[in-house]
Amino acid sequence: MKLPPFAYRAPESLEEGLELLAAGDGEARVLAGGQSLIPMLALRLARPSLLIDLRRVRGLEGVQEDGGGLRIGALTTELVAERDPRVRAASPLLFEALEFIGHPAIRSRGTVGGSLCHADPAAELPAAALVLGAELTARSLGRGERTIPARDFFLGPFTTALEFDEVVTEVRVPAPSSSQGTCFAEVSRRPGDFAMVGVAAAVVRDEDRVLDLRLALTGVGDRSRLFTLDELELDRQDSPENLFSAAGRRVGARLRPPEDLHASTAYRRHLSRVLTERALRTAFGRAAVQGGTAGG
Ligand SMILES: Cc1cc2nc3c(=O)[nH]c(=O)nc-3n(C[C@H](O)[C@H](O)[C@H](O)COP(=O)(O)OP(=O)(O)OC[C@H]3O[C@@H](n4cnc5c(N)ncnc54)[C@H](O)[C@@H]3O)c2cc1C
C-alpha cells in the first residue's frame, strides 16, 4: 500500500534528533528499523507529519557487558543482539526471546529499542524485559535523561510511558541472580508468526526448592503481564512440581485473553496454563544444570 505523505529527516546526532522531535509537538515519530512503523503507516494506523530516522546517529548501537549484566543500545538490531555471545551468556532468556521474533530478515532491521517502544501486546521482548527487571534510558531535549523500569514502561496496546519528545537510548539488563534458570516458551501457528501465547520465566533454585520465580505472558491481553511468586500466592515449601502446577492454574484463572482469528479465549487460557508450567519446569531444570549461573 502507498504510504501517506510525511516529511523525512535523518539527523547525524541525537541532539539534533531530539530537537526535531520536540519541535514536532507530538506530530513527529522516530524511525528505527521501520519493521512496525512502516506497516502502520501503510495501514493508516499512524499518521505522523515527520519521520526522524535515527539510523545515522552514532552511539545508539552496540552491546556492552555491565557488571554481569548488559547495556544494549536502543538501535541495536535484534539480529546483532541475538548473535552477540555476550547476550547469550549474560541473558539466555533475552537470547531465546530474540530468536522467536519473526524471521532473520525482520530481525536484521528491527531494533531492540524499537520493539520495546512499539509495545505490541504479542511481542516477545516486553515479556523478557519484565522478567529480567530491565530498565530503559530515555532522553529528551528539555528534561535530559531518566530511567524507566520495564514494569512501569508498558501501559497498554502500543502505548508506553514515553513522552512524545523522548527517545529511548539504551536498555539495561541487570546481572541475573545466582542459581537462576530461565526459559521462553511460546506457541504460534507457524514459525516466525507472532505468538498466540508466549511465556518468559525465571526461577531461582536452591537444591530441590524454588526460592523465587517471575514470569511474564505475552499475547494474553492489552500488554505483557508480569507475575511473581508472591503475587500468585505460591508456597515456597511446596514441591517444585506442585508449585508449577499451581502457578499454571492461577495464571490461567487470572487472565482474560482476547479472542481473535487465531485463537479463542479458552484456547489462549489453556496455552497460558500449559506454557507457564512448561517454562517454569524448564527454567528450574536449567538452573540445576548451570549450577550457579543463569540457565539457558
Ligand atoms: C513480518 C513481520 C513479523 C514480525 N514478527 C514479530 C514477532 O514475532 N515478534 C515481535 O515481537 N515482533 C515482530 N515483528 C516486529 C519487529 O520486532 C519490529 O522490529 C519491532 O516491533 C519494531 O522495531 P523497529 O526497530 O522496526 O521499530 P520501528 O518500526 O522503526 O518503530 C516502532 C515504534 O517505536 C518507536 N521507536 C522506535 N525506536 C525508538 C526509540 N529508540 N525511542 C523512542 N521510540 C522509538 C517508533 O517511533 C514507532 O512508534 C515483526 C515484524 C514484521 C514486519
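The values are calculated or read from the model by the stated rules, or taken from the named source; none is laboratory data. Everything numeric in this text was worked out from a predicted model, so none of it was measured. Counting neighbours? That spans all protein chains shown, and the Cβs are built from the backbone with ideal geometry, glycine included.
Residue 272: part of a helix (DSSP H, G or I), within 18 Å of residue 122 (Cα to Cα) and at pLDDT 95 or above, yes or no?
Numbers: part of a helix (DSSP H, G or I): yes; within 18 Å of residue 122 (Cα to Cα): yes; at pLDDT 95 or above: yes.
Taking the combined requirement at face value, the residue satisfies it.
Residue by residue through region 125-183, note down the ones that are within 25 Å of residue 99 (Cβ to Cβ), more than 13 Å from the ligand (Cβ to nearest atom), among the small types (Gly, Ala, Ser) and at pLDDT 95 or above.
Within region 125-183, 133, 134, 150, 181 meet the criteria.
Can you tell me which of 39, 48, 11 is under 25 Å from residue 61 (Cβ atoms), more than 12 Å from the ligand (Cβ to nearest atom), free of Cβ contacts under 8 Å to residues at least 60 places away in the same chain and outside the structural domain of residue 165 (by TED's automatic domain parsing)? Working first, answer last.
Numbers: 39 fails: more than 12 Å from the ligand (Cβ to nearest atom); 48 fails: more than 12 Å from the ligand (Cβ to nearest atom).
From the options 39, 48, 11, the qualifying one is 11.
Could you list all residues from region 14-36 that are within 12 Å of the ligand (Cβ to nearest atom) and not in a loop (DSSP other than H, G, I, E, B)?
14, 17, 18, 21, 28, 29, 30, 31
Name the pairs: first residue in region 153-168 and more than 21 Å from residue 222 (Cα to Cα), second residue assigned to a loop (DSSP other than H, G, I, E, B) and of a type in the set (Lys, Arg), Cβ to Cβ under 9 Å, at least 6 apart or on different chains?
165/143; 166/143
Is it fair to say residue 64 is closer than 30 Å to residue 86 by Cβ, within 14 Å of the ligand (Cβ to nearest atom) and either within 20 Å of the chain's Cα centre (by Cα) or assigned to a loop (DSSP other than H, G, I, E, B) (or both)?
Values: closer than 30 Å to residue 86 by Cβ: yes; within 14 Å of the ligand (Cβ to nearest atom): no; either within 20 Å of the chain's Cα centre (by Cα) or assigned to a loop (DSSP other than H, G, I, E, B) (or both): yes.
It is false that residue 64 is closer than 30 Å to residue 86 by Cβ, within 14 Å of the ligand (Cβ to nearest atom) and either within 20 Å of the chain's Cα centre (by Cα) or assigned to a loop (DSSP other than H, G, I, E, B) (or both).
Hand me the list of strands (runs of 3 or more DSSP E) wholly inside region 102-201 holding 3 or more residues that are closer than 29 Å to residue 271 by Cβ and not aromatic (Phe, Trp, Tyr).
Values: elements: 135-140, 144-149, 154-156, 167-173, 180-187.
Those strands (runs of 3 or more DSSP E) span 180-187.
Starting from residues that are free of Cβ contacts under 8 Å to residues at least 60 places away in the same chain and either within 6 Å of the ligand (Cβ to nearest atom) or hydrophobic (A, V, I, L, M, F, W, C) (or both), keep the ones in region 93-113 and report whichever is nearest to residue 73 (Cα to Cα).
112
For region 228-265, name all the residues that are among the aliphatic types (A, V, I, L, M) and part of a loop (DSSP other than H, G, I, E, B). I'd like the intermediate steps shown before the answer.
So in region 228-265, the residues among the aliphatic types (A, V, I, L, M) come out as 229, 232, 234, 243, 246-247, 251, 253, 255, 261, 263.
The answer is 229, 232, 234, 255, 261, 263.
Of all residues being basic (Lys, Arg) and more than 26 Å from residue 39 (Cβ to Cβ) in region 81-117, which is farthest from the chain's Cα centre (by Cα)? Just the residue, please.
Restricting attention to region 81-117, the residues satisfying the condition of being basic (Lys, Arg) are 83, 86, 88, 107, 109.
Retained after the next criterion (residues that are more than 26 Å from residue 39 (Cβ to Cβ)): 86, 88.
Values: 86: 18, 88: 16 Å.
Going through the qualifying residues, I end up with 86.
Going by what's in this entry, would residue 90 be described as away from the ligand (no atom under 13 Å from the Cβ) and surrounded by 23 or more Cβ atoms within 10 Å (Cβ to Cβ)? Show your work before the answer.
Working: away from the ligand (no atom under 13 Å from the Cβ): yes; surrounded by 23 or more Cβ atoms within 10 Å (Cβ to Cβ): yes.
Judged against the criteria, residue 90 is a match.
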